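Presented below is the structure to which this report refers.
The values are calculated or read from the model by the stated rules, or taken from the named source; none is laboratory data. Please read all numbers here as calculations on a predicted model, not as lab measurements. Backbone-built Cβ (ideal geometry, glycine too); neighbour counts: all protein chains shown. Protein only, heavy atoms only, side chains kept; ligands, DNA and RNA dropped before computing areas. Shrake-Rupley method; radii C 1.70, N 1.55, O 1.52, S 1.80 Å.
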Amino acid sequence: QVQLVESGGGSVQAGGFLRLSCAAFGYIDSSYCMGWFRQAPGKEREGIAAIISDGTTRYADSVKGRFTISKDNAKNTLYLQMNSLKPEDTAMYYCAADLREWWLLPKYNYWGQGTQVTVSS
């Protein structure tokens with residue numbers, strides 16, 4: 001089994017920054033592909049960033065140039081650095097992991113519980 005635990009969410013002003021973390025526990029290693037997703041009330045879950053085992057990344061247009069996904073394999077931890085935050089970034093943020101390369105599609109096998117990010121104008 002794989003368990004994912006997000007942290008680092010909070011409330012910030014527009015233009016501010018946050019760094020989210022996703023700690024992975026259980027039967028997981030660097031061969032897993034990981035992603036960040038978000039879901040605002042009344043909206044579908046949106047893939048915003050993904051990273052595969054060789055370090056290749058993908059970003060949704062909505063966050064490109066502002067967010068950076070990275071991972072520390074030694075710590076089994078995924079990160080999302082979020083800069084220049086906008087009110088439309090307000091959502092519950094989830095990390096996900098899978099051996100398959102789903103990229104920004106919400107089809108990952110393992111999901112965290114989510115961490116709330118609220119951006120005020």
Picked from the range 66-101 (must be more than 20 Å from S120 (Cα to Cα) and open to solvent by 60 Å² or more (accessible area, probe 1.4 Å)), the residue farthest from the chain's Cα centre (by Cα) is A74
Within the range 102-121, residues being surrounded by 21 or more Cβ atoms within 10 Å (Cβ to Cβ) and in a loop (DSSP other than H, G, I, E, B) number 2
Going through the range 1-40 in order, the residues found to be at pLDDT 95 or above, surrounded by fewer than 17 Cβ atoms within 10 Å (Cβ to Cβ) and farther than 14 Å from C95 by Cβ are G10, S11, Q13, A14, G15, G16, F17, A40
Restricted to the range 43-61 and to residues being open to solvent by 50 Å² or more (accessible area, probe 1.4 Å) and within 17 Å of V119 (Cβ to Cβ), the residue nearest to the chain's Cα centre (by Cα) is E46
